[in-house]
Amino acid sequence: MPETTPASLRVEFEDHDAFQHVAGQHQQHLRILERSLGVRVGARGTVVTIQGEPEAAAVAERALRELEGLARKGFPLGPVEVSQAVRLCAGDPATHLDDYFGDTLVTSARGRPVTPRSPAQKRYVQAIREKGIVFGIGPAGTGKTYLAMAMAVGALNQREVARIVLARPAVEAGERLGFLPGDLQEKVNPYLRPLYDALHDMMDVERAQRHLERGIIEVAPLAFMRGRTLNDAFVILDEAQNTTPEQMKMFLTRLGVNSKAVVTGDVTQIDLPIEKRSGLVEATQILKDIEDIGFVTFSDADVVRHPLVQAIIKAYERAEERARGPARSGGGRDGGVRAQ
């Protein structure tokens, strides 16, 4: 079989500032292109040269052109954005980054636009816009909770809803919070901290605190949802794999007039006692045919945290696969959905 002749491509930037943003400090973004695509990238002035396998070099060229377009529009570029841009361009030759990065859901407290960064994230955002209830299912770092929080804050800012309700099952305490020391807030805070973290990314601490004090934003254990009807609300249930079927049904039936719910979880990380079935697993089976309920599944390809997170997830998956051995098959918690 004849060897493929390496390609040598040249990308010239018209705007020096755009080049600086795309290349990154000390040209670290160009190094990301090299590592991600296995090409050699060099720069002189505002001209970038690419050498490597034709297909990989073409992806690198397209990624640089697309990133240049974002830079000229003033979009902030960092290692995470560049890594995701390369993956998008490699995954679909017809990809236009502006379809993703140009869809600003909300501006974070640090002034950075929050946007979908993968095809699954784009489907997720669209489903939240169109459906009454959306389930986002997948591994850590895929933006399930973060994007749901962005959509909730955006809806609150646009006065589409009057409040945001954030809930999480407190599995480690069996939701028997009375046995824990301290007042109610001290008891529940360890379980709800990730939701506060995402909230404080979307708005400054003082504004978030005012909304919390006035009840415009509520963060509470799932058990506190019982008996309520949530009208004019954007409701998020996080870590839903740790709900029981009864808790999931209770949560979903709290939805009132002009309300929307997003349920997030990872069915490979179920912390319930072995004899208990996950409410999230059951819900995906029972509700799959209801038209106004959407289901979006994420994979490790959608991880948008630090570029190392995806590598870490894959490394652990390989280690777990080796530990299971070739003779062991799917059931149990390892496969996410357990036999009942």
### Query
Which members of the range 1-23 meet the condition of being at pLDDT 80 or above and either assigned to a loop (DSSP other than H, G, I, E, B) or aromatic (Phe, Trp, Tyr) (or both)?
PRO6, PHE13, GLU14, ASP15, PHE19
### Message
Residues to consider are VAL47, VAL39; find the one that is over 18 Å from the mean Cα position of the chain (by Cα), surrounded by 17 or more Cβ atoms within 10 Å (Cβ to Cβ) and farther than 21 Å from GLY141 by Cα.
### Response
VAL39
### Query
Counting only residues that are modelled with pLDDT of 75 or more and of a type in the set (Ser, Thr, Tyr), which one in the range 296-340 is least open to solvent (accessible area, probe 1.4 Å)?
SER299
### Query
Could we say that ALA94 is free of Cβ contacts under 8 Å to residues at least 60 places away in the same chain, on the phi < 0 side of the Ramachandran plot and open to solvent by 10 Å² or more (accessible area, probe 1.4 Å) here?
yes
### Summary
Taking the range 50-76 and keeping only residues that are open to solvent by 30 Å² or more (accessible area, probe 1.4 Å) and either among the charged types (D, E, K, R) or out of contact with any Pro (no Cβ under 8 Å at 6 or more places or on another chain) (or both), one is left with GLU53, GLU55, ALA58, GLU61, ARG62, ARG65, GLU66, GLY69, ARG72, LYS73, GLY74
### Task
Mind listing whichever residues of the range 122-155 are within 25 Å of ILE313 (Cα to Cα) and among the polar types (S, T, N, Q)?
THR142, THR145
### Top-ranked residue of the range 246-288 - restricted to ones that are among the hydroxyl-bearing types (Ser, Thr, Tyr) and part of a loop (DSSP other than H, G, I, E, B), ranked as least open to solvent (accessible area, probe 1.4 Å)
SER278
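The values are calculated or read from the model by the stated rules, or taken from the named source; none is laboratory data. Nothing here was measured: the structure is a model prediction, and the numbers come from that model. So basically every Cβ, Gly included, is an ideal-geometry build from the backbone, and we count neighbours across all protein chains shown. Each accessible area value is taken on the protein alone, full model and side chains, heavy atoms only, with ligands, DNA and RNA left out. Shrake-Rupley method; radii C 1.70, N 1.55, O 1.52, S 1.80 Å.
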